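Working notes, structure below.
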Amino acid sequence: MLTPVTDADGAPFWQYAAQGELRVQTCAECAEPRFPPRPCCPHCQSFASEWRRVSGHGRIWSYVVPHPPLLPDYAEQAPYNVIVVELAEHPRIRLVGNLVAEAGARLDSVPPERIRIGARVQVVFDDSGLPQWVLERA
């Protein structure tokens, strides 16, 4: 399976994720959250930033079910989903991941017909610290 490529700006995101925390880079001057991480705030141009913990609650904003041809490791788990999650407390922040039945579950653990735009989700982390999403219990 592919692993995330990190750079200096995004490395803290993955470090916190490995600890089971979802954090978003936030401007230390104007408090505007931003994702993807970058050195300068697009709102006030400050270079000061901090990483604030977020709830990990969100809604499915969009999704896709990839079709062949796929990389071999992914083909073995098809059909699977890739979702875009809009964070509850920061709707302009959207994260990409997979909807799974539980933390660490296979990418095909949720049937595509169960996925709905607007469905409420909660972040979970697999053993490697990769953020995944599960449906919230009503």
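The values are calculated or read from the model by the stated rules, or taken from the named source; none is laboratory data. Quick caveat: nothing in here was measured; it's all calculated off a predicted structure. Neighbour counts are summed over all protein chains in view; Cβ atoms, including those assigned to glycine, are modelled from backbone coordinates with ideal geometry. For accessibility, only protein heavy atoms count, side chains too; no ligands or nucleic acids. Shrake-Rupley method; radii C 1.70, N 1.55, O 1.52, S 1.80 Å.
Data table
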| read-out | value |
| --- | --- |
| Computed over the chain: relative contact order in percent, which uses C-alpha pairs under 8 Å that are six or more apart | 22 |
| Extended-chain gain in nm, criterion 0.36 nm per residue less alpha-carbon gap, R120 and Q15 | 35.3 nm |
| Alpha-carbon centroids, the range 23-83 and the range 2-16: separation in whole Å | 11 |
| With at most 16 other Cβ atoms within 10 Å, longest stretch of the chain clear of loop trypsin sites (Lys or Arg not before Pro) (DSSP) | 1-91 |
| Orphan Cys of the chain, criterion: no other Cys C-beta under 4.7 Å | C40 |
| Sulfur and carbon atoms: percent of accessible area, the chain [1.4 Å] | 53 |
| By accessible area with a 1.4 Å probe, ligands and nucleic acids excluded, highest first: order of F47, F125 | F47, F125 |
| For the chain, calculated [θ]222 nm from helices alone, where every DSSP H run of n ≥ 4 adds -39500 (n - 2.57) | -2000 deg cm²/dmol |
| Inter-probe distance in nm under a simple model that places probes 7 Å from Cα toward Cβ, at E50 and M1 | 3.3 |
| Option label - Rg and Dmax of the Cα atoms in Å computed here, alternatives (i) 15.6, 47; (ii) 19.4, 65; (iii) 18.4, 60 | (i) |
| Neighbour net charge for P39 - beta-carbon separation under 12 angstrom, K R +1, D E -1 | 0 |
| Estimated distance in nm for a label pair at W61 and A78, the labels positioned 7 Å out from Cα along Cα-to-Cβ | 2.7 |
